[in-house]
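Novice: Mind having a look at this structure? Questions to follow.
Only the coordinates and a few stated rules stand behind these numbers; no lab work does. All values reported here derive from a predicted model rather than from experimental measurement. Cβ sites come from the backbone with ideal geometry, for glycine too, and all protein chains shown count toward neighbours.
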Amino acid sequence: VLTSFPRKTKEYNIWLVFTKVTNVSTLSYKFRDLIHNLLNVSSVPLKFNIIVDKVSQGIAENQIADVLYGNKTIVYSFYDIEESAKKIQDIVEVMTPHFSSKPGTYYSDALFYISLGLYRIAPQNQDFAILLDCDLYFKKDIALLFNQFSNFKPSALFGLAPELTPVYRHILHMYKAKHNTTFGDFYHDSNILSKSIHPRGFQGYNSGVVLINLRAQRNSTEFLEIISNSTVQRMTAKYRFRGHLGDQDFYTLVGNEYPHLIQTINCKFNRQLCTWWRDHGYSNIFENYFKCNGDIVVLHGNCNTRIPK
Ligand code: UDP
Ligand code: MN
């Protein structure tokens, strides 16, 4: 049973992960800037849901106080990362061997898979959520992003924008050498392999902005199968896939194997700025992946890239 947005709900739930922070870390300033930015740019009443550890919560409270002045108000709740990690432990155990760079303690891993198990962490009455990285800057109203839920195909559980680097071409190198596939290719109008699921190329997904239909996910029996060890084993073996980017590696595989579960949203909702791959063997094709035409809504300063404001 799918609920359409925003017809039946007027809640605008934002989720942020803010953990392992120290007072001097850049993450604390990114967090403050994003809260400030969202309060200024939003035409709808936002509810902030922030996943923290004890130390990070104190820093978050100070940063929030810092951006509240005049008659500005903010609605927020904190969720403990250790409790949250326990609720998604099974998912993290399945994913980390394939998608974490150096599998470590359970809670440092869990933070990169929160989006997959958020439906267990969020209050049961939350039907829709948007999980955001802290290194984002909204140039336009975040209501535009919430409106994307209305464009979801009925089967979609998640909404994601494309990854804008050749990282998945790189990871799929072995598979692509032996198979005629558009998986890992950049998106292009003349790149048509008609039998393919993504005939014009599929760059994979970036998880800096994740739209989640929590209600649909809770009601989905298929989803439990998708996150099972056997499905993840099958997909990673098929593509000889070894990643290091957490949940977005999983979404990228799902986008190729079970495309009905993910709604692709426009790159303007997650315009990544990291150019690391341009200087690491892909200068000739990097621009094809990186280009994003249109009126940008969200800038993403990933790999610590400074955001031009
Ligand atoms: N994060 C965190 N603590 C950390 C590292 C990351 O809470 O020590 C969270 C934070 O919300 C951050 C997100 O995880 O925005 C993803 O990390 P980041 O944006 O740095 O990754 P990138 O986009 O550069 O791949
Ligand atoms: Mn990021």
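Novice: Mean separation of Cα pairs under 8 Å and 6+ residues apart, divided by the residue count of the chain: what relative contact order is that in percent?
Specialist: Once divided by the residue count of the chain, the mean separation gives 22 percent.
Novice: While we're here: Quick check for me: using +1 on Lys/Arg Cβ and -1 on Asp/Glu Cβ, what's the dipole size of region 257-299 about its Cα centre, in debye to the nearest 20? Walk me through the numbers before you get to the answer.
Specialist: Numbers: 4 positive and 4 negative charges, 22 e Å.
Charge dipole, region 257-299, about its Cα centre: 100 debye, nearest 20.
Novice: Now for a different question. On a 0 to 90 degree scale, rounded to 10, what angle separates helix 89-99 from the longest Cα axis of the chain?
Specialist: 50
Novice: Measure up Lys72/Lys291; Lys102/Lys195; Lys20/Lys140; Lys47/Lys86; Lys47/Lys309 against 32 Å on the Cα-Cα distance and list the ones that go over.
Specialist: Violating the 32 Å limit, Cα to Cα: Lys72/Lys291; Lys102/Lys195.
Novice: With a 4.7 Å Cβ cut-off, tell me which Cys residues in the chain come up empty for a partner.
Specialist: When partners are defined as cysteine Cβ atoms under 4.7 Å apart, the chain leaves Cys134 without one.
Novice: Within region 275-309, what residues put their amide N at less than 12 Å from the label point 7 Å along the Cα-to-Cβ vector of Tyr29?
Specialist: Only 306-307 fall inside the zone, counting backbone N under 12 Å.
Novice: Right, here's the next one. Net charge around Tyr258, counting only other residues with Cβ within less than 11 Å of its Cβ (Lys, Arg = +1; Asp, Glu = -1)?
Specialist: Local charge sum for Tyr258: -3.
Novice: Let me ask something additional. Any idea what the relative contact order of region 76-225 is, in percent, if you count C-alpha pairs under 8 Å spaced at least 6 apart?
Specialist: Relative contact order of region 76-225: 26 percent.
Novice: Hey, another quick one. Can you list residues whose amide H is under 5 Å from Tyr79's amide H, if they're 5+ apart or on another chain and H is modeled 1.01 Å from N?
Specialist: Ile50, Ile51, Val52
Novice: Based solely on C-alpha atoms, express the radius of gyration and the Dmax of region 249-298 in angstrom.
Specialist: Here Rg and the maximum Cα pair distance are 13.2, 35 Å.
Novice: Can you give me the orientation-averaged projected area of the convex hull built on the Cα atoms of region 4-139, in nm²?
Specialist: Computed as one quarter of the Cα hull surface, the answer is 9.3 nm².
Novice: Give the long-range amide H neighbours of Trp15: residues separated by 5 or more places, or on another chain, with amide H under 5 Å away, using H modelled in the peptide plane at 1.01 Å from N.
Specialist: Asn49, Ile130, Leu131, Leu132
Novice: Relative contact order for region 70-123: what percent, with Cα pairs under 8 Å and sequence separation of 6 or more?
Specialist: 41
Novice: Using a 10 Å cut-off on Cβ atoms, rank the peptides 173-180, 157-164, 58-65, 218-225 from the highest mean neighbour count down.
Specialist: 157-164, 58-65, 218-225, 173-180
Novice: Something else about it: Along the Cα→Cβ direction, 7 angstrom out, place labels at Asp141 and Lys291. What is the inter-label distance in nm?
Specialist: Going by the 7 Å Cα→Cβ label model, 3.1 nm.
Novice: Have a look at Gly184, Asn219, Trp277 and report the one farthest towards the positive end of the charge dipole of region 181-309, computed about the Cα centre with Cβ charges (Lys/Arg +1, Asp/Glu -1).
Specialist: Checking the options against the dipole of region 181-309, the answer is Trp277.
Novice: Next up: At what distance in nm do the modelled label points of Thr22 and His36 sit from each other, each positioned 7 Å from its Cα along Cα→Cβ?
Specialist: 2.3
Novice: With runs of 4+ DSSP H residues as the only contributors, calculate the mean residue ellipticity of the chain at 222 nm using -39,500 (n - 2.57) per run, divided by the residue total and rounded to the nearest 500.
Specialist: That comes out to -10000 deg cm²/dmol.
Novice: Turning to a different aspect of this structure: If the chain between Ser283 and Arg200 were fully stretched, how many nm would it gain, using 0.36 nm times the residue separation less the Cα-Cα distance?
Specialist: Going from the current span to full extension adds 27.8 nm.
Novice: Taking R0 as 30 Å, what FRET efficiency do you get between His170 and Ser108 from their Cβ-Cβ distance, rounded to the nearest 0.05?
Specialist: Once rounded, the FRET efficiency stands at 0.75.
Novice: Pop a pseudo-label 7 angstrom from the Cα along the beta-carbon direction at both Glu83 and Val44 and give the gap in nm to one decimal.
Specialist: 2.6
Novice: Between region 107-152 and region 24-69, how far is it from one alpha carbon centroid to the other, in angstrom?
Specialist: Between the Cα centre of region 107-152 and that of region 24-69, the gap is 15 Å.
Novice: Using Cβ counts within 10 Å as a stand-in for footprinting exposure, how do Asp33, Asp135, Asp249 rank, fewest first?
Specialist: Details: Asp33 18, Asp135 23, Asp249 26.
Ranking Asp33, Asp135, Asp249 by Cβ neighbours within 10 Å, fewest first, gives Asp33, Asp135, Asp249.
Novice: Let me ask something additional. Once every Cα of the chain carries one equal point scatterer and solvent is ignored, give the base-10 log of I(q)/I(0) from the Debye formula at q = 0.13 Å⁻¹, two decimals.
Specialist: -0.95
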